[in-house]
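Some notes on the structure that comes next.
The values are calculated or read from the model by the stated rules, or taken from the named source; none is laboratory data. Note that the structure is predicted; figures quoted are calculated from it, not measured. Neighbour counts run over all protein chains shown; Cβ positions are idealised from the backbone, glycine included. All accessible areas refer to the heavy atoms of the entire protein, side chains included, with ligands and DNA or RNA removed. Shrake-Rupley method; radii C 1.70, N 1.55, O 1.52, S 1.80 Å.
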Amino acid sequence: MLKKIIQEEHIQKSKKYVEKGDSFLIITHIAPDGDALGSSLGLFHFLNEYGKDKVSVVVPNSFPGYYKWMPGAKDIVIYEKYPEFAEQLIREADVIFCLDFNEPKRVGKLAGPLVAAEGRKIMIDHHLNPADFCRVCMSYPEISSTSELIFRFICRMGMYELINKAAAECIYTGMMTDTGSFTYNSNQPEIYTIIGELIKKGIDKDLIYRKVYQVYLESRLRLMGYVLYEKMKLYPKKRTALLTLSQEELKRFHYMTGDTEGFVNLPLSINSIEFAVFIREDPDCVKLSFRSVGDFPCNEFAIRYFNGGGHKNASGGEFYGSLPEAVAAFEKALNAYSPDKRII
Ligand code: 5GP
Ligand code: MN
């Protein structure tokens, strides 16, 4: 029996919405990652199994190819490709699940339509400081993935039996990717109780690892070699490492969405490095990723200097300007920064 993390009143209210609702919309954050997709598709399969046939998953933009194997992935509506259809689904849904994000701006251009939609909104998330735009707000930053929260949510409604193999595969994928394959945020014993239950549902966890992490092309490994050998800069006094890649460099290595996933973690394997930063020049903005080991609060750094957010050991933000300007802003921030003990 798992601990009761989610408040009973949230469960009862959501259960009523689930019972009474006819059409359901599940929405998650921009640049969807394994947890965003895993929680969304896990809930999607559960609702289908429950007997709901009008269930859609909408994401703001496309996701990496190594998640396309996930059951239900091909039915996801990508707003950038089908904006009118996505907006219509949001407008017409009776119940809207907001998964793995804490404020409307995390869904990009869908923020306006989402806030304006009349359906009953339910947030299930694990980021700090949830904004107040949902009728039910299940926000638990101490839980390492939203996918784990989906498992808990379904069980608490008394519907464990309705978690089928497809749902279990999606939930496991989210739990695995948001903990770096159980290498961080993963000391809660109940994580492994849940994994045991998912295995009983028929998942092959070893195969899921392979499908997510061992499916790249040669060019991605060459890019990784290049960025480590040619582009890594260390700031020994700050126990910090920086990796950067420009558009030109990405093109040279035939970059595809998802190819730089995991790069930011690589410098943390150096024994003296506690804070790792990856800055990538995207077509529309410069994207920053932050990772730390121990107490360094990446989220505070991202919020204070790069209009971003996230978790203590994994966060991100954006910069509008050139790549060299972003690097200069980062170096200035690194020199100026001393963690605010209050939010660690
Ligand atoms: P990643 O480095 O993998 O893109 O992001 C790591 C985590 O940081 C994400 O799971 C998300 O919680 C957070 N994050 C990344 N980018 C942003 C951003 O631009 N804004 C906010 N608020 N959070 C972000
Ligand atoms: Mn997550």
query = How many of the residues making up the range 91-120 are out of contact with any Leu (no Cβ under 6 Å at 6 or more places or on another chain), among the hydrophobic types (A, V, I, L, M, F, W, C), more than 16 Å from ligand 2 (Cβ to nearest atom) and open to solvent by less than 30 Å² (accessible area, probe 1.4 Å)?
reply = 5
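When the residues of the range 70-82 are narrowed to those that are open to solvent by less than 60 Å² (accessible area, probe 1.4 Å), assigned to a loop (DSSP other than H, G, I, E, B) and of a type outside the set (Val, Ile, Thr), which ends up nearest to residue 47 (Cα to Cα)?
72
I'd like to check something: does the range 271-287 contain any residue that is among the charged types (D, E, K, R), more than 21 Å from the chain's Cα centre (by Cα) and surrounded by fewer than 23 Cβ atoms within 10 Å (Cβ to Cβ)? Let's see the steps before the verdict.
Narrowing the range 271-287 to residues among the charged types (D, E, K, R): 274, 280-282, 284, 287.
Among the residues that remain, those that are also more than 21 Å from the chain's Cα centre (by Cα) are: 274.
Adding the requirement that they be surrounded by fewer than 23 Cβ atoms within 10 Å (Cβ to Cβ) leaves 274.
For the range 271-287, residues among the charged types (D, E, K, R), more than 21 Å from the chain's Cα centre (by Cα) and surrounded by fewer than 23 Cβ atoms within 10 Å (Cβ to Cβ): present.
Could you please find all residues in the range 48-72 being of a type in the set (A, V, I, L, M) and over 24 Å from residue 103 (Cα atoms)?
Of the range 48-72, the ones of a type in the set (A, V, I, L, M) are 55, 57-59, 70.
The one that is of a type in the set (A, V, I, L, M) and over 24 Å from residue 103 (Cα atoms): 70.
Specify which of the listed residues (85, 24) is more than 19 Å from the chain's Cα centre (by Cα), of a type in the set (Phe, Trp, Tyr) and crowded, with 22+ Cβ neighbours inside 10 Å.
Numbers: 85 fails: crowded, with 22+ Cβ neighbours inside 10 Å.
Answer to the check: 24.
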inquiry  = For the range 181-238, which positions are without any contact (Cβ under 8 Å) to a residue 40 or more places away in the chain, assigned to a loop (DSSP other than H, G, I, E, B) and either open to solvent by less than 70 Å² (accessible area, probe 1.4 Å) or small (Gly, Ala, Ser) (or both)?
reply    = 181, 182, 201, 202, 203, 231, 232
ask   = Which of the residues spanning the range 121-130 are away from ligand 1 (no atom under 11 Å from the Cβ) and either under 16 Å from the mean Cα position of the chain (by Cα) or open to solvent by 10 Å² or more (accessible area, probe 1.4 Å) (or both)?
value = 121, 123, 124, 130
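Can you find a residue in the range 247-256 that is touching a Phe, Trp or Tyr at 6+ places or on another chain (Cβ under 6 Å) and away from ligand 2 (no atom under 16 Å from the Cβ)?
Filtering the range 247-256 down to residues touching a Phe, Trp or Tyr at 6+ places or on another chain (Cβ under 6 Å) leaves none.
The answer is no, given that none of the residues of the range 247-256 is touching a Phe, Trp or Tyr at 6+ places or on another chain (Cβ under 6 Å) and away from ligand 2 (no atom under 16 Å from the Cβ).
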ask   = How many residues does the range 255-307 hold that are part of a loop (DSSP other than H, G, I, E, B) and of a type in the set (Ser, Thr, Tyr)?
value = 4
key: Failed criterion for residue 312 (all others in (1) at pLDDT 95 or above; (2) within 22 Å of residue 127 (Cβ to Cβ); (3) open to solvent by 30 Å² or more (accessible area, probe 1.4 Å) hold)   = (1)
